[in-house]
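One structure is given here, and the rest of the page talks about it.
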Amino acid sequence: MSIKKSFALEVPRITANVEEINELNRKTIWLEVTGAAFLMQDNPNYYQHLKSSRFQGETKESKQIDKDLNRTFAGDRSFSRLQLKEILISYSIRNPNVGYCQGLNFIVALLLSYGFSEEEAFWIFVQIIEKYLPYEYFTSMSGVVLDQKIFDYLFRIKMPKLCKLFWIFVQIIEKYLPYEYFTSMSGVVLDQKIFDYLFRIKMPKLCKYMEKLGVESGFFTVQWFICM
């Protein structure tokens, strides 16, 4: 029985009660909806060929991938980092225009952690990058702009209170702080004076003790204000 026919038999039972969808059904749906199942059928030896044909020495991509392996969901043992490495290197060979960039490792790691096999995860990843993301996503800043718009939308919907505070903060920065605050050290000097005033008012005992020791607050606050 073909994958398509077997999936067709699964659909009525799945849609009859969404709560009964288990991990096996979910994986089948993902493979079908993304088109990865059909790519696997049409290219049965393609992934293994990529793995066997790759350059055995180090490349720019493989060096960066090796660095990122242990940074990818550090401590998470729900996926194989060897499989993660194999998929990322294989894809960098398949699509040299994209190659490898930080962030792709987390997408593949999630797919592996959901229980997809190495080859299944590879083909779903191929579809995500090549089918659902436009070519301009990787060749210009349009990808960053798109991500920012999605983030802004989710930020407003999921965290409305924090979003409101954020925009109040933006208004304070843009409306009430002078341009020179950001283009010279005058902003740091102003922050330091305000801090010293509040320090004397709110924590007088500690302030007097530091004055007695000859320790100025600027020793530990200036770097904070520069970062701000």
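Just so it is clear, none of the values below were taken in a lab; they were calculated from the coordinates. Only a predicted model underlies this, so the values are computations on that prediction, with no experimental measurement involved. Here Cβ is always computed from backbone atoms with ideal geometry, including for glycine, and neighbour counts include all displayed protein chains.
Against the chain, whose longest principal axis comes from its Cα atoms, helix 118-127 is set at around 70 degrees. Between helix 186-202 and the chain, what is the angle of the helix's C-alpha long axis to the longest principal axis, kept within 0 to 90° and rounded to the nearest 10? Taking the Cα atoms of the chain, the angle to 186-202 is about 70 degrees. Going from the residue with the fewest nearby Cβ atoms within 10 Å to the one with the most, Leu50, Leu190 rank Leu190, Leu50.
Test of understanding: given the chain, find the longest segment containing no chymotrypsin sites (Phe, Trp or Tyr not before Pro) that are in a DSSP loop and have at most 15 other Cβ atoms within 10 Å. Between exposed loop sites, the widest span is 56-134. For the residues Ile150, Ile93, Ile124, a GNM of the chain with alpha-carbon springs under 10 Å puts the largest fluctuation on Ile150.
If you put +1 on each Lys and Arg Cβ and -1 on each Asp and Glu Cβ, how big is the dipole of the stretch 34-79 around its Cα centre, in Debye rounded to 20?
140
Put simply, the amide H of Tyr114, placed in the peptide plane, has no neighbours under 5 Å, leaving out anything fewer than 5 places away on its chain. Decide, for the stretch 68-122, between rounded, prolate and oblate: order the square roots of the alpha carbon gyration tensor eigenvalues as a ≥ b ≥ c, take rounded if a/c falls under 1.5, and otherwise choose prolate if a/b is larger than b/c, else oblate. Verdict is oblate for the stretch 68-122.
Here is the size of the chain from its Cα atoms: Rg then Dmax, 26.6, 85 Å. Straight-line cross-link partners of Lys51 among the aspartates and glutamates, defined as a Cα under 17 Å from its Cα and at least 8 positions apart when in the same chain: Glu61, Asp66, Glu86, Glu118, Glu119, Glu120. 3J(HN,Hα) along the stretch 66-78, derived from phi through the Karplus expression 6.51 cos²θ - 1.76 cosθ + 1.60 where θ = phi - 60°, amounts to 4, 5, 8, 4, 6, 7, 7, 6, 3, x, 7, 10, 7 Hz, with x in place of Gly and Pro. Helix 204-213 and the long axis of the chain differ in direction by around 80°, with both axes built from C-alpha atoms.
Annotation: lysines with alpha-carbon distance below 25 angstrom to Lys161 (same-chain offsets under eight excluded): Lys149, Lys175.
In what sequence do Asp76, Asp66 fall when counting other Cβ within 10 Å, fewest first?
Working: Asp76 10, Asp66 13.
Going from sparsest to densest Cβ surroundings: Asp76, Asp66.
Take the chain, mark every one of the trypsin sites (Lys or Arg not before Pro) that falls in a DSSP loop and has at most 12 other Cβ within 10 Å, then report the longest stretch left between them, sites excluded. Between exposed loop sites, the widest span is 78-228. Springs join every pair of Cα atoms under 10 Å in this Gaussian network model of the chain, and among Pro160, Pro204, Pro178 the largest mean-square fluctuation is at Pro204.
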